[in-house]
Amino acid sequence: MEITDPTYWDSYWATSDKPELRDNDPHYGRHGYFLKAMIRHLGELTGKSIVELGGAMSYKLIAFAKFKQMQATAIDYAPDAVEKSREFYAAHGVDIELDCVDLFSPILDDRKFDVVSHWGVAEHFQDPISVLKRSVDLCAAGGKVIFDMPQMRGPVGWLWKTFSPGRWEQHVYHTDEKIERCFKSLGWQCKRAFWGVPVVYMTPGQNSGAIPFVLHGCQYLLHHAARLGVPYQYGLPYISSSRGFVAWRA
């Protein structure tokens with residue numbers, strides 16, 4: 001069962017304005033750490049097809065389409081977010097197919113992609129098996145599934161729960177063992193993967209005061225350290241912003 005709905009996501013994106021993604025962006029640009037991490041975990045990407053489940057307003061999908069010439073598709077069920085995304089992707093000059101349907105819609109049953117991705121989706125479901133099974137079903141022969149969830153354990157989890165309790169409640173922690181069991185039941189295998197900026201503060205925060213202010217400042221500095229060439233394509237458990245998994249048919 002999902003704990004969010006289209007209304008939640010329309011509201012979320014209605015208040016989120018993303019600036020234009022520049023080619024030299026250290027995170028999602030042509031030579032940014034995100035694409036380096038993806039090549040490290042997926043291999044050569046140029047010209048392959050990719051779908052992003054929950055693909056509204058995605059810098060990641062723009063990076064794949066613009067800098068790796070991937071055939072990109074975004075699936076999202078929030079209508080206002082989809083319309084906003086059409087304008088967002090068009091402004092970047094990328095041809096991204098946008099389908100405003102639930103990721104479980106039978107309309108997608110015959111679609112296949114070389115890479116199936118979702119970023120911050122599985123943790124919004126009480127049980128991740130439905131999302132993981134759908135990911136596997138959409139994957140072409142020889143393809144891979146890659147996804148991430150936010151860090152929810154260790155110091156990062158404690159800080160997030162303490163200073164952004166409202167956002168915390170919209171997420172479910174799924175253990176590594178649970179993810180591995182799900183893929184095993186589907187005849188797939190997976191490995192853990194970590195990348196991204198170290199996290200000390202999940203924004204937007206809800207609490208005010210000196211400690212959140214300092215943590216937010218630290219997060220700002222860590223974010224901009226990417227401009228100095230810090231190799232965030234490599235990551236660590238409980239520290240990096242992306243707690244990811246890569247899966248393939250066993």
Legend entry - From Ser58, Ser16, residue being more than 26 Å from Ala140 (Cβ to Cβ), in contact (Cβ under 8 Å) with a residue 40 or more places away in the chain and among the polar types (S, T, N, Q): Ser16
Inset, instruction - Assess whether Leu138 counts as being touching a residue at least 12 places away in the same chain (Cβ under 8 Å), over 24 Å from Ala247 (Cα atoms) and either crowded, with 19+ Cβ neighbours inside 10 Å or within 17 Å of the chain's Cα centre (by Cα) (or both). - result: no
Legend entry - Considering residues of the stretch 143-164 that are buried (at least 20 other Cβ atoms within 10 Å of the Cβ) and of a type in the set (Phe, Trp, Tyr) only, the residue farthest from Cys190 (Cα to Cα): Phe163
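Just so you know, all these numbers are worked out from the coordinates, no wet-lab data involved. As the structure is a prediction and not an experimental result, all values here were calculated from the model. Positions of Cβ are generated from backbone atoms using ideal geometry, with glycine treated the same way; all protein chains shown enter the neighbour counts.
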